Structure formats: structure tokens, C-alpha cells
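Quick notes on the structure that follows.
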Amino acid sequence: MALGIAVAARTPVLLWGGPGTGKSSAVQALAAAMEWPCEVVIASIREPSDFAGLPIVVGDGVRFAPPSWASNLVAAGHGVLFLDEISTAPPAVQAALLRVVLERVVGDLTLPPGVAVVAAANPPEQAADGWDLSAPLANRFCHLEWQVNASDVAEGLAAGFPVPVVPRLPDGWMTRVARVRAQVATFLLLRPGLVSMPPLDRASAGRAWPSPRSWEMAATLVAASQSVEASSPVIAALVTGCIGAGPGIEFLSWLEELDLPDPEMVLADPDRFELPERGDRAYAVLTSVAAAVAADPTVERWAAGWKVMGRAGETAPDVAAMAARILARCRPEGAAAPAEAAAFLPLLREAGLL
């Protein structure tokens with residue numbers, strides 16, 4: 001399920017598991033079940049030009065011709081790019097993969113949004129001439145452990161192995177991302193040391209670790225998981241796969257304790273909003289409300305957001321002022337300044353938002 005959610009959300013995902021455990025077969029079966037094209041690229045036998053493009057002189061300039069697999073995916077408009085044996089790719093090839101995985105750029109081509117990037121790797125000690133992944137490349141993936149047990153293998157051999165399912169994310173699921181990102185922002189204000197923690201040893205740096213980029217990936221995957229009502233273990237696997245076990249467990253534990261109201265319900269009836277007494281809960285609620293408005297800034301929602309800030313400002317003006325900045329930046333065209341904004345005018349003017 002975790003693999004399917006990552007593919008559905010188009011978040012690059014890396015499967016770690018021993019050789020012969022069915023990673024490659026599962027990814028290709030997933031693509032076949034979805035009737036998607038699957039381009040398999042064995043990273044260990046490729047050259048940097050296979051990802052950065054082959055330089056060709058054209059007139060007075062140089063263009064970078066993309067490989068055929070990239071052209072095929074662009075022509076299809078969707079599909080799976082499967083980077084197999086990535087842990088045996090030499091450093092120069094890993095460097096060339098950076099733009100492919102993050103920016104989806106191959107030579108002079110840009111892969112369409114409908115393409116999912118999936119990679120597979122054996123642990124370096126089990127790979128042929130294996131390398132640790134570079135920290136920049138590792139930080140571009142959600143890392144998932146490919147677990148195999150005897151009962152699953154026995155059942156698969158007897159009745160056929162199950163195909164990983166890619167869930168259909170509901171329309172509008174991306175609106176949840178703003179809410180989760182606000183929760184992540186609150187958590188990082190409490191634990192600023194977890195914003196970026198590149199490991200010092202190369203082996204750990206080649207796995208999941210927290211950075212602004214991986215926190216953003218985690219927020220996207222939590223929102224996607226919540227939209228399909230995924231189980232807690234699935235969400236935990238995705239979050240720890242982005243930011244590492246320690247920070248991931250700490251964040252999920254904190255999130256579970258918050259018990260926050262739905263920001264859409266708050267916006268629907270702002271006059272009944274009551275600010276939580278606990279500081280982190282108060283900040284998380286207000287930031288979530290402001291982020292929800294920013295994701296869909298209609299005149300009515302913007303006015304409702306200011307009503308919430310106005311009520312919060314009566315008891316916690318400092319906390320409300322932080323969220324008010326977000327509202328000020330997303331003022332919809334034609335919206336008149338509400339009365340509740342008056343209390344925040346000095347702060348907004350100082351921040352250059354007026």
C-alpha cells in the first residue's frame with residue numbers, strides 16, 4: 001500500500017531489499033495492472049549521458065539529446081520510470097540522476113507529471129560492487145523496506161504473487177497538503193534541530209534523513225494517505241521513509257497528541273471557534289486555517305479566516321499574528337479588508353505586506 005500511495009502521489013520512491021526478492025517484478029506488474037508503460041533503466045550499466053543527455057552540436061549551439069526511454073515516456077504522457085540497481089550506479093551516474101529524480105529533466109526533455117519515478121536497490125553489502133547512495137540523491141526519495149516472509153513466498157508460489165495496488169486519489173486531495181504542511185511547520189518550530197540533519201557517516205546519508213525537501217515530501221504523502229484512509233502503519237512507513245525513523249516517529253507521536261479540528265469546519269463557522277490553550281495546538285490550528293484559505297482563496301473564505309484570527313487575537317495576539325501573515329499574502333482580488341485585520345496592521349506593515 002505504501003508503494004502504491006507514493007506512485008499515486010508521484011513522489012519518487014526507492015525500494016530497499018535483498019537480491020531475488022521480487023522488487024523488479026512487483027514494479028513491472030504494478031505498471032502492467034495500471035496499463036501504464038514501464039521503462040526499465042538499469043542504472044549500474046548506464047553512463048552519465050544516459051540521464052544528462054548526449055551533447056550534440058546544432059548550428060551555433062549544443063543540445064542534449066535524450067535517450068529513447070525518456071522520449072517514450074514523454075510520448076505516452078504517463079508511465080513508470082523504473083531505475084533498477086541504483087545502489088550499484090557509480091558516483092558520476094548518481095550525480096546525473098539528480099535532475100532526473102527531482103526536476104524530472106532528461107537531456108532537453110522534461111518528463112510529464114503523469115510519470116512516476118520508482119527505484120530499487122540492494123543494500124551495498126549485498127550488491128555487486130555496490131556503492132552507498134550519495135546524500136543528495138538519497139534525499140530525493142521516500143525509502144521503503146521491501147519485506148519478504150516465508151508465508152508470503154509460499155502463498156505466492158502456490159497461487160501467484162499479489163500485484164501492488166495504486167489507489168485512486170480523490171479529486172481535491174491536494175488541498176489536504178496545505179493543512180499537513182502547516183502541522184509540519186508547527187512541529188519544526190518546536191523542534192528546530194530536526195529541520196535538516198544530514199548524517200555524518202556515508203551509509204546513513206544514503207538513506208532517509210530530514211531536510212526541508214524531505215519534510216515537504218512527507219507532508220505530501222501524509223495528505224495522500226489520509227485522502228484514501230490508509231492505515232497508521234502505512235503512514236508511518238511513508239513518513240519514516242522520507243525523514244528517517246527517529247524524526248518520523250517523533251513527528252507522528254506529536255501529531256497524534258494534537259487532536260486538531262478540521263480547518264474547513266472552522267472556516268464554515270468561524271464565530272464558534274475556540275482557541276486551544278496549549279501553545280503548539282493553537283499555532284497548528286491557526287496555521288492550518290490560514291493554509292486552507294491560501295489553498296482556495298475565495299473572498300468568503302478569506303473573510304472567514306480573518307474572523308478566526310480576530311477571535312484568536314483576543315487571547316493570543318502573538319500566535320495569531322504569525323498566521324495572519326499567511327492570510328495577508330493570499331488576499332483574493334476584490335476582497336475588502338475586514339475589520340478583524342485592523343489589530344494586525346502594524347505587524348503586517350512592518351513585514352511589508354501592505
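Only the coordinates and a few stated rules stand behind these numbers; no lab work does. Nothing here was measured: the structure is a model prediction, and the numbers come from that model. Positions of Cβ are backbone-derived with ideal geometry, glycine not excepted, and every protein chain shown enters the neighbour counts.
Can you list residues from other chains, or at least 5 along the same chain, whose modelled amide H is less than 5 Å from the amide H of V106? Placed amide hydrogens put L111 under 5 Å from V106. With 10 Å bins beginning at zero, the pair-distance distribution over Cα atoms of the chain amounts to 5, 22, 27, 22, 15, 8, 1, 0 %. Database remark: amide H of V115 closer than 5 angstrom to the amide H of G79 (H placed geometrically; neighbours at sequence offset of 5 or more, or on other chains; Pro and chain starts carry no H). In summary, the stretch 1-167 shows an alpha-carbon radius of gyration equal to 1.07 times the 2.2 N^0.38 Å reference for compact globular proteins. Ranked by how many other Cβ atoms sit within 10 Å of their own Cβ, fewest first, the residues V101, V289, V234 fall in the order V234, V101, V289.
Against the main long axis of the alpha-carbon atoms of the chain, helix 279-295 sits at an angle near 80°. In the stretch 1-167, taking the dipole from charged Cβ atoms about the Cα centre, the farthest positive-side position among P90, V148, W69 is held by W69. What translational diffusion coefficient, in µm²/s and rounded to a whole number, does the Stokes-Einstein relation yield for the stretch 298-349 at 10 °C and a viscosity of 1.306 mPa s, taking the hydrodynamic radius as the Kirkwood radius over Cα pairs? Estimated diffusion coefficient is 147 µm²/s. Ordered by the count of other Cβ atoms within 10 Å of each Cβ, fewest first, V308, V57, V266 give V57, V266, V308.
The convex hull around the C-alpha trace of the stretch 25-77, projected and averaged over every direction, spans 4.7 square nanometres. Note on the stretch 156-310: percent of Cα-Cα distances in each 10 Å bin, starting at 0 and stopping at the bin with the largest distance, equals 10, 35, 31, 16, 6, 2, 0. The convex hull built on the alpha-carbon positions of the stretch 64-147 has an orientation-averaged projected area of 5.9 nm². For the chain, the longest principal axis of the alpha carbon atoms and the long axis of helix 245-258 meet at an angle near 30°. The trypsin sites (Lys or Arg not before Pro) found in the stretch 134-229 that occupy coil by DSSP, while having at most 13 further C-beta atoms within 10 Å, are R168. Summed over qualifying helices (DSSP H, 4 residues or more, each -39500 (n - 2.57)) and divided by its residue number, the chain shows a 222 nm mean residue ellipticity of -15000 deg cm²/dmol.
Extension gain, V74 to A236: 0.36 nm times the residue separation minus the Cα-Cα distance gives 55.0 nm. In this structure, V148 and L345 have a Cβ-Cβ separation that, at R0 = 51 Å, corresponds to a calculated FRET efficiency of about 0.25.
Relative contact order (percent) for the chain, with alpha-carbon contacts under 8 angstrom and 6 or more residues of separation?
Relative contact order, the chain: 17 percent.
The ranking of L111, L200, L133 by Cβ neighbour count inside 10 Å, starting from the fewest, reads L200, L111, L133.
Between the Cα long axis of helix 299-313 and the first principal axis of the chain there is an angle of about 70°, rounded to the nearest 10. Expressed per residue, the C-alpha convex hull volume of the stretch 182-221 stands at 58 Å³.
Here the translational diffusion coefficient of the stretch 263-350 follows from Stokes-Einstein with Rh set to the Kirkwood radius across Cα pairs; for 20 °C and 1.002 mPa s it amounts to 171 µm²/s.
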